[in-house]
Amino acid sequence: MTLTFAEQYEVYKNNVTKGMLEHFAEELGVTVESLETLGVGYYPGEYAWVFAERDAGGDVVASGKAAAILKLSGIHYYKE
């Protein structure tokens, strides 16, 4: 079964616990609320935090299922 990027992103968001958000927010020097507003997700296969690219209407979009994954080493772009 192939998931759309929006469906994959929902899975990533569901991987995040409140404790993870608190720790990540502290590392970044931001509030938990700001990360919740952005809708941060987590991809455990890459040990990476995931942020969706959205269009002007707020829908999750990606060209070729591209996802920007923020890692400690920088931003990596994955395309399927």
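Where a number appears in this text, it was derived from the coordinates with a stated rule and is not lab data. Predicted, not measured: the structure shown is a model, and the values here were computed from it. Positions of Cβ are backbone-derived with ideal geometry, glycine not excepted, and every protein chain shown enters the neighbour counts.
Assorted remarks:
- Residue within segment 14-26 that is surrounded by fewer than 17 Cβ atoms within 10 Å (Cβ to Cβ) and at positive phi present: no
- Scanning segment 1-37 for residues that are among the aliphatic types (A, V, I, L, M) and either part of a helix (DSSP H, G or I) or over 15 Å from the mean Cα position of the chain (by Cα) (or both) yields Met1, Leu3, Ala6, Val11, Met20, Leu21, Ala25, Leu28, Val30, Val32, Leu35.
- Filter pass, Gly57 being over 19 Å from Leu3 (Cα atoms) and surrounded by fewer than 10 Cβ atoms within 10 Å (Cβ to Cβ): yes
- For beta carbons closer than 7 Å, sequence separation of 6+ or different chains, a first residue in segment 14-38 that is small (Gly, Ala, Ser) and a second that is not in a helix (DSSP H, G or I), the qualifying pairs are Ala25/Thr31.
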